[in-house]
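The values are calculated or read from the model by the stated rules, or taken from the named source; none is laboratory data. Bear in mind that the values here come from a model prediction, so they are computed numbers and not experimental data. With ideal geometry, Cβ positions are generated from the backbone for all residues, glycine too; neighbour counts draw on all protein chains shown.
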C-alpha cells in the first residue's frame, strides 16, 4: 500500500469512528436550548429572514436577551429546518404552539457531519504540520470518539463548538500552505475567510491567532532544523496569515463591542484571587482525569465536594506540562512542544482564572483536546521508534478508540430527551439549582407531570434557603417570586387549592419579588383557589380589589365569576 493510500485509509477510519460513536444520537429529541435555537426562532424558520440572522443574538426568541453572536450556526439550523419541512412562522402562529413534534434526525445528522469534518480536518492539519501519520491517526481517532464531545455532538444547540473548530482547523491548514508552488495567496485569503466563519460560529474562536502562531513557529523551527539553520529569514513571509488574522480579530472585537453587542456582559462577579487559583488547579486536574478516563460525565460540573489537595496537584501537573514543553523545545522536538502549547493556550481562557459562568464544562475541551492528543501521539511515536514497536501507537489508538466509542454511545443516551438529561445530571450533582429548575419546567410544560414539577420547585426553595434549611444555602439564582408563582400553578393543577393559595400569598408578601405582572397573576391565582375551596365571599372581595388595580383583568374575572352562587353557603 502506498503512503497516499495509507493516508486515505486512515481518514476513512476516523470518519467511521466518528459515526460509530455518535450514530445513536439520531433518535435524540429536542433538549434544553434547542427550543430557543430552533423551535421558537421565527427567523430560523423563515428563509426570507436569512440576513437578519447576522444582526441579532442567537437566542433572540428565548428567555431574555443574550449576547451570543453565532449567525452561521443559526444559518445551518435554517437549512436543516427547510430540509426537514418545518412549518412557517405564520403556520406556527395559526396553530398556537411551537412545532414540538418536528423530527430531529436532520439536525442530528448535520451535527455528526460537522464533528466528523472537525476530526478529519484535525488529522489533515497534523499531517500538514509534519506529524507522523501514526500520531495524526491517534489524535484524530481519539478526537472523533471521545465522550467529552457528547455535549457538543448529541446536543443540537452544541453545534457551535464543532463549526468553530472545523473552520479553525481548515483555516490553519490553508495558512500552512507551502511557500513555493500552488495558489499561495488564495490559500492565505481562504484562511482568513475560515477564521471569519469561525468567529461567526462561536466567540471562543478568538484563540485562533494564538494557535496559528504556535503552528507557524513550530513549522519554521522544524524547517530550520531540517536545513541546518539556513532559513533564518523565512519566518517573515509565514507571518502574513497571522498578521491578517490579528487585524480581522481587532475588527471583530470592535464590532462586538459596539453594533453587535446585544446585551451587557454576562460574566459573573470575580471570586477572590486565591479562590480562583485554587479552583483553577482543581479544574485542571479534573480535566486531565477526564481526558484519560472520561466516566461520570454530566452537564453541570461544579467543584463542590472536590478535595482541596486537588488544587495544588493540578498546578503541579500544569507546571509539569510546561516543563515538558520546554524540554521538547530544548531537545528540538518542536511538534511535541507545539501540541502542549496548543493545549495550554486553548485551555487558558476557560481555566477559571478569568471569571466565567461555571468552574468547568466538558464541551469547553473540544479544541484544547486536539493539541493534547497531538502531543501524546508524537511522544508515543518517538518512544516506539524501533522496528518492533512502530505499530504500537496505532494499536494503542485502535484500543483506545474501541473503548471510547463504547463510553460515548452510553453517554449519548443521557442526551436523548430533557427528562433523561436532567435526571442523570441530578444523580451526579443533586444540588444544582439550574437543573432542578429545568427539570421542573420540563415536567410542568412538556410532560404534564405536575407532581414531579412540584418536587423540584420545592427542592429549589430549600436549596436557596427560602423554605426549610440548606447548609449552606445556594445563591438565589431563581427569584423566589417566580418559584412561588410556578409552584402555586402546579399545586392548582394537582387539585390542592389550599396549598396553592399559601404559595400565592407568600409571593404577595415577598414585596421585592412581587413585580406588577407577577403580583397580578398571583392575586388571580389566589382568587381561583378561594373559588375552588368554595369561599365565594373571599373570592369576590379579592377579585374586586384586582379589577380596581388592573382593569384589564375584568374579562377574566367575569368569566371566573359567571353565574351566581346557589346559596349563601356556596
Could you tell me which numbered condition residue 247 fails, if it satisfies all but one of (1) in contact with a helix residue (DSSP H, G or I) (Cβ under 7 Å, 6 or more places away or on another chain); (2) part of a helix (DSSP H, G or I); (3) modelled with pLDDT of 90 or more?
(1)
Suppose we filter the range 385-413 for residues that are outside any helix (DSSP H, G or I) and either within 17 Å of residue 291 (Cβ to Cβ) or touching a residue at least 40 places away in the same chain (Cβ under 8 Å) (or both); how many remain?
1
Here is a list of conditions, (1) under 16 Å from residue 364 (Cβ atoms); (2) surrounded by fewer than 24 Cβ atoms within 10 Å (Cβ to Cβ), and residue 112 meets all of them except one; can you say which number that is?
(1)
Residue 420 vs. criteria more than 21 Å from residue 111 (Cβ to Cβ), in a helix (DSSP H, G or I) and not assigned by TED's automatic domain parsing to the domain that holds residue 363
no
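Among the residues that make up the range 273-290, is at least one of them outside any helix (DSSP H, G or I) and in the same structural domain as residue 353 (by TED's automatic domain parsing)?
No, that holds for no residue.
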Condition met for residue 238 (assigned by TED's automatic domain parsing to the domain that holds residue 147, part of a helix (DSSP H, G or I) and at pLDDT below 85)
yes
Identity of the residue in the range 332-358, touching a helix residue (DSSP H, G or I) at 6+ places or on another chain (Cβ under 9 Å) and surrounded by fewer than 16 Cβ atoms within 10 Å (Cβ to Cβ), that ends up nearest to residue 161 (Cα to Cα):
348
Only helices (runs of 4 or more DSSP H) wholly contained in the range 93-165 count here; list those with 2 or more residues that are over 16 Å from the mean Cα position of the chain (by Cα), in contact (Cβ under 8 Å) with a residue 12 or more places away in the chain and at negative phi.
105-128, 133-145
I'd like to verify a number: residues in the range 64-92 that are more than 17 Å from the chain's Cα centre (by Cα) and in a loop (DSSP other than H, G, I, E, B), how many?
6
Mind checking whether some residue in the range 78-92 is surrounded by fewer than 18 Cβ atoms within 10 Å (Cβ to Cβ) and on the phi > 0 side of the Ramachandran plot?
yes
Here are 389, 340: which of them is closer than 18 Å to residue 127 by Cα and more than 20 Å from the chain's Cα centre (by Cα)?
340
Under the condition of being outside any loop (DSSP other than H, G, I, E, B) and in contact (Cβ under 8 Å) with a residue 60 or more places away in the chain, which residue from the range 431-462 is farthest from residue 300 (Cα to Cα)?
446
In the same structural domain as residue 160 (by TED's automatic domain parsing) and surrounded by fewer than 22 Cβ atoms within 10 Å (Cβ to Cβ): is that true of residue 125 in this structure?
no
